[in-house]
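Reviewing the structure listed below.
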Amino acid sequence: MFRLLLKYKKGEEVKFLSHLEEIRTMERALRRSKLLLLYSQGFTPRPLLSFGPPLPVGFTSRAQQMEMRVSDKYTPLQVLSIVNPCLPVGFTLLEAEELKIDSPSLGSLPVKIEYLLKVEGKDVGTSISHFLSQPQHYMNRGSEKKGAYPFDVRPYVLTLEEKENKVIRAELLFTPQGSIKIRELEHALGIKILKGERVSLNIYDISKLSSL
């Protein structure tokens with residue numbers, strides 16, 4: 001058995017696909033590729049795939065990630081040449097690398113995600129400064145039926161930087177225990193996000209944060 005990490009681009013043509021629709025699209029493409037995928041057991045076998053953090057609907061990305069398991073060894077160049085012709089317009093496989101069998105799974109590690117956000121709103125710079133100055137920022141999670149509860153989103157915002165033309169560069173932390181949702185960030189800053197792009201996704205050393 002071999003494990004492969006795939007990094008791919010999600011473009012304008014497919015930015016309104018949900019996370020589940022994206023998973024199904026990639027699964028169908030990999031089936032068409034004839035790679036020797038490993039499958040789950042049971043009555044409805046599925047390819048052994050796992051995906052990185054969900055991308056907000058309507059966002060594009062240069063940094064989508066997916067892990068798959070195969071029964072034969074492939075070089076990165078082979079994976080690119082086999083898979084890319086099977087992907088629909090809007091998806092492009094950028095990189096492939098082999099993972100160690102005993103390395104942590106894709107969804108078990110904290111990751112730092114960088115976004116570029118085109119926004120509208122008044123005094124964006126002031127809103128950013130005010131938010132970053134707060135040691136805590138609680139927002140309501142849950143529902144009235146299941147029970148609402150306060151959740152501190154501040155530790156999951158690593159960097160906010162106002163660029164030109166009302167563009168914000170944001171570095172957000174995504175962990176198995178929690179994260180901040182894009183719509184929560186929008187509400188916390190009092191802005192409206194018009195367009196978003198995920199620029200990078202990297203493993204993050206959570207020991208740098210004393211608040212988590």
Contact order relative to length for segment 1-67, counting C-alpha pairs under 8 Å separated by 6 or more residues, stands in percent at 54
Ordering of 74-82, 190-198 by burial proxy (mean other Cβ atoms within 10 Å per residue, highest first): 190-198, 74-82
Considering lysine pairs in segment 104-212 that are 8 or more places apart or on different chains, how many have Cα atoms under 22 Å apart? 25
What are the extents of the Cα atoms of segment 63-182 along their three principal axes, listed from largest to smallest and rounded to whole Å? 52, 39, 27
Within the set of other residues whose C-beta is less than 10 Å from the C-beta of Tyr115, count the net charge using Lys and Arg as +1 and Asp and Glu as -1. -1
Highest mean first, what order results for 14-22, 58-66 on Cβ atoms within 10 Å? 58-66, 14-22
Rounded if a/c is under 1.5, else prolate if a/b is larger than b/c, else oblate: which is segment 15-107, with a ≥ b ≥ c the root eigenvalues of its Cα gyration tensor? rounded
Here are some values of percent of Cα pairs over 23 Å apart: (1) 46; (2) 52; (3) 56. Which one was computed from this structure? (2)
Using a 10 Å cut-off on Cβ atoms, rank the peptides 2-13, 154-165 from the highest mean neighbour count down. 2-13, 154-165
For the chain, report the accessible area per residue in Å² (1.4 Å probe, heavy atoms, rounded to an integer). 56
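The values are calculated or read from the model by the stated rules, or taken from the named source; none is laboratory data. Small disclaimer: the values here were computed from a predicted structure and weren't measured. Heads up, the Cβs are rebuilt from the backbone with ideal geometry, glycines too, and the neighbour counts pull from every protein chain shown. These area figures cover heavy atoms from the full protein model, side chains too; ligands, DNA and RNA do not enter into them. Shrake-Rupley method; radii C 1.70, N 1.55, O 1.52, S 1.80 Å.
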